[in-house]
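These notes are about the structure you will find just below.
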């Protein structure tokens, strides 16, 4: 990871992590903390991250590192993938 300029964690929490997976993810976040740039995408609000990571302790530690000196961008609206699928379906009708 030391060679990475940017690490992207896409769809965090989309699939709940196993205990081992959550621990490994927490370790990746801790290792990248203040060393690498991180982008995290998720559909989950912070209060629901425990569902994906399975542990309040790991979730708290991950959020503490991720939210320190960060920019949080919240988007609303329809998914680009859903919009694209609708456009493709309209073309075939």
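The values are calculated or read from the model by the stated rules, or taken from the named source; none is laboratory data. This is a predicted model, so every value here is computed, not measured. Note that we place each Cβ from the backbone using ideal geometry, even for glycine, and neighbour counts take in every protein chain shown.
This table checks each residue for (1) in a loop (DSSP other than H, G, I, E, B); (2) exposed (fewer than 11 other Cβ atoms within 10 Å of the Cβ).
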position	(1), (2)
16	yes, no
25	no, no
47	no, yes
59	no, no
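Is it fair to say residue 34 is in a loop (DSSP other than H, G, I, E, B) and under 17 Å from residue 70 (Cβ atoms)? Considered against the rule, which asks whether it is in a loop (DSSP other than H, G, I, E, B) and under 17 Å from residue 70 (Cβ atoms), residue 34 comes out as yes. The single condition from (1) at pLDDT 90 or above; (2) surrounded by fewer than 16 Cβ atoms within 10 Å (Cβ to Cβ); (3) part of a helix (DSSP H, G or I) that residue 51 fails is (1).
Kindly evaluate residue 65 against the criterion of being touching a residue at least 12 places away in the same chain (Cβ under 8 Å), surrounded by 10 or more Cβ atoms within 10 Å (Cβ to Cβ) and more than 20 Å from residue 21 (Cβ to Cβ). Against the criterion (touching a residue at least 12 places away in the same chain (Cβ under 8 Å), surrounded by 10 or more Cβ atoms within 10 Å (Cβ to Cβ) and more than 20 Å from residue 21 (Cβ to Cβ)), residue 65 does not qualify.
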